[in-house]
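Data block below; observations after.
Taken together, the values in this text are just the output of simple stated rules run on the coordinates, not laboratory data. Not measured: the values here are computed from a predicted model. So basically every Cβ, Gly included, is an ideal-geometry build from the backbone, and we count neighbours across all protein chains shown.
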Amino acid sequence: MSRDAIEHRLAAHVRTATTSCPTMAGKHITTHTLRHTTAMNLLHAGVDITVIALWLGHEQTSTTDVYLHADTKIKKDALDKTRPPNVTPGTYTPRADILTWLGTL
């Protein structure tokens, strides 16, 4: 099957999916989108980045590192693992007076 045939078939399925999921309308979904989504799902499932690189056909894992840089959830999970036990998880929000003080510097 040629690349054009695959893209044509994908476009037909995207049109069909739009009827039950209207938010897909107007989105640019390509075979690369599916490839990237699959790689991210594997990463979230805990699959090692070197295995994902092999699966994607990358000769070097550095090519696959873009998936690590793009994933803020993995970064947040890594930071949560370093959090001291007595610290409540969540995003830090400074007090308003601190921001005011910093604004005067």
Residues of segment 50-71 satisfying the condition of being β-branched (Val, Ile, Thr) and either farther than 13 Å from His36 by Cα or in contact with a Gly (Cβ under 8 Å, 6 or more places away or on another chain) (or both): Thr50, Val51, Thr61
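Is it the case, given these coordinates, that Thr91 is of a type outside the set (A, V, I, L, M) and over 30 Å from Thr18 (Cβ atoms)?
Details: of a type outside the set (A, V, I, L, M): yes; over 30 Å from Thr18 (Cβ atoms): yes.
So Thr91 passes the test.
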Evaluation of Val87 against (1) surrounded by 11 or more Cβ atoms within 10 Å (Cβ to Cβ); (2) not in a helix (DSSP H, G or I) (one fails), failing number: (1)
